[in-house]
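Step one of this worksheet: look at the structure below.
The values are calculated or read from the model by the stated rules, or taken from the named source; none is laboratory data. Since the structure is predicted, the reported quantities are computational estimates derived from the model, not experimental observations. Every residue, glycine among them, receives a Cβ derived from its backbone with ideal geometry; neighbour counts consider all protein chains shown.
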Amino acid sequence: MRLEILNSGYTFGTKVLFAFIQLASRRPVPDAAKLVFYRADFYGEPMKLFTHEAMRGPSAWSVGDRELMAAFVSKTNMSEFCIGAHTATAAGAYHDQARVAAVLSNLETAPIEEPLRATLRMLQKLTREHTVEEADMRRVLDSGVSRAQIDDALAVCFAFNTTNRLADAFGFFVPGPRGFESGAKYLLSRGYK
Amino acid sequence: MEEKRTAQRALVTRVLEGDGRASRAERHDAFDNATLTEPLHGLISKVAKYPTLTTDDDVAAVKASGLSEDQIFELVVCAAVGQATRQYQNAVAALTVAISDEGS
């Protein structure tokens, strides 16, 4: 990563934890994990609390839907690390790689439910243009999405509009497919805590 | 719904108002993507608007200007959280208007 403190500036206890993770997973510790462990009281702890609530807390959206939103927001931001990480996690949650690939390839033709499509369309506009209007929300509501579901989708969008920026600003290493698979298994079993 | 908004506000409050190596004023300016002196302004603007364009040279230039890595870490975090917060608040406001119109 571009800041040396994010590569090596950890406490002895955190370095021991990283060594354990590396031994157990047989993979390098992902940069996303390193980021939230660095001076965790400043950013990592409050961000993990928020992200876990958004991605794994109570919601009418499934875990797969929320991971798909994360992958889709990341695709809109062209954030390579997060696209790979959340494409793999969404595919694992759905047990359906083709569904995720279809959405990321062409939202308008992907075989998904219309409420999810309308929600993703709104998240794409918010992410790309940084703003949405009442009419955009009206279209999502008219598709059958509840207010609570829109709130939940906006929370996912906030989490990944933050994380995408940090991944690209700090220069996260982008692993190969096996690295993303390993990360996806962790996120599906443990969440973001 | 309220749990998420509370957790989002807690994150913002921590990075802006809690202890840090960068001053609170600098963290607020980075969060707001306000006018900062170069080369910090260039880095913070990229994080807010074009994060994929960030380069090693952008970060190296800020380090050469005298900021520590910990200060840069905090200011980049504030810039990312700030831009995402503006988008989040804009969308929540649009949703609130759409819901209130629905009820009237």
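Just the residues that are within 9 Å of chain B (Cβ to nearest Cβ) and either surrounded by fewer than 17 Cβ atoms within 10 Å (Cβ to Cβ) or charged (D, E, K, R) (or both), please, taken from region A:14-47. Once the filter is applied, which keeps residues that are within 9 Å of chain B (Cβ to nearest Cβ) and either surrounded by fewer than 17 Cβ atoms within 10 Å (Cβ to Cβ) or charged (D, E, K, R) (or both), region A:14-47 yields A:R39, A:D41, A:E45. Take the residues of region A:125-138 that are in contact (Cβ under 8 Å) with a residue 12 or more places away in the chain and buried (at least 17 other Cβ atoms within 10 Å of the Cβ): which is nearest to the chain's Cα centre (by Cα)? That would be A:T127. Does region B:39-49 contain at least one residue that is among the β-branched types (V, I, T), in contact (Cβ under 8 Å) with a residue 24 or more places away in the chain and at the interface with chain A (Cβ under 10 Å from one of its Cβ atoms)? Yes, region B:39-49 has at least one match.
Report yes if B:A30 is out of contact with any strand residue (DSSP E or B) (no Cβ under 8 Å at 6 or more places or on another chain), farther than 24 Å from A:H130 by Cα, more than 7 Å from chain A (Cβ to nearest Cβ) and assigned to a helix (DSSP H, G or I), otherwise no. Judged against the criteria, B:A30 is not a match. If you go through region A:94-115 one residue at a time, do you hit one that is more than 7 Å from chain B (Cβ to nearest Cβ) and in contact (Cβ under 8 Å) with a residue 40 or more places away in the chain? Scanning region A:94-115 turns up no residue that is more than 7 Å from chain B (Cβ to nearest Cβ) and in contact (Cβ under 8 Å) with a residue 40 or more places away in the chain.
Could you check, for region B:81-103, whether at least one of its residues is closer than 24 Å to A:R138 by Cβ, of a type in the set (D, E, K, R) and either in a loop (DSSP other than H, G, I, E, B) or at pLDDT 95 or above (or both)? Yes; the residues of region B:81-103 include at least one that is closer than 24 Å to A:R138 by Cβ, of a type in the set (D, E, K, R) and either in a loop (DSSP other than H, G, I, E, B) or at pLDDT 95 or above (or both). Screening B:A91, B:A98, B:A80 for residues that are buried (at least 17 other Cβ atoms within 10 Å of the Cβ) and touching a Pro at 6+ places or on another chain (Cβ under 9 Å) leaves exactly one candidate, B:A80.
For beta carbons closer than 9 Å, sequence separation of 6+ or different chains, a first residue in region A:170-190 that is more than 16 Å from A:A24 (Cα to Cα) and a second that is of a type in the set (K, R), the qualifying pairs are A:F170/A:R2; A:G171/A:R2; A:F172/A:K34; A:P175/A:R27. Might you check whether a residue that is facing chain B (nearest Cβ under 10 Å) and closer than 19 Å to B:G82 by Cα occurs anywhere in region A:132-143? Checked against the condition, which is being facing chain B (nearest Cβ under 10 Å) and closer than 19 Å to B:G82 by Cα, region A:132-143 yields at least one hit.
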